[in-house]
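Undergrad: There's a structure below that I have some questions on.
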Amino acid sequence: MAQSITALANGLNLFFGREESSSHDLASLIHNFACSLIDSFILSQGNEAFAKKDFKTAIEFYSKAILQEPSNHIFFSNRR
């Protein structure tokens, strides 16, 4: 999550440092940040269920994470 916050801060610095930008750029940054937070939350819920040996619930959370971000290989490796 710290990486996500850093990425958002860097993006906002770039956004406000440019002369030509649009509100779409900021909206996109905020959207990406929110998605990253959701992914992190879902992953942590899956990890918590896995630690409790509740494998069915863990798989459900990892599957939800994959639907949110299908390009993230970590979600797939956790679900296997």
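Undergrad: When the range 32-69 is examined, which residues are found to be at pLDDT 85 or above and not in a helix (DSSP H, G or I)?
TA: K52, K53, D54
Undergrad: If you don't mind, another one. In the range 31-77, which residues are surrounded by 17 or more Cβ atoms within 10 Å (Cβ to Cβ), of a type in the set (S, T, Y) and within 22 Å of A7 (Cβ to Cβ)?
TA: Passing the criteria: only S36.
Undergrad: Would a scan of the range 57-68 turn up a residue that is under 22 Å from G11 (Cβ atoms), under 14 Å from the mean Cα position of the chain (by Cα) and not small (G, A, S)?
TA: The answer is yes, given that some residue of the range 57-68 is under 22 Å from G11 (Cβ atoms), under 14 Å from the mean Cα position of the chain (by Cα) and not small (G, A, S).
The values are calculated or read from the model by the stated rules, or taken from the named source; none is laboratory data. Keep in mind that what you see is a predicted model, and the values were worked out from it rather than measured. Cβ coordinates were reconstructed from backbone atoms using ideal geometry, including for glycine residues, and neighbour counts include every protein chain displayed.
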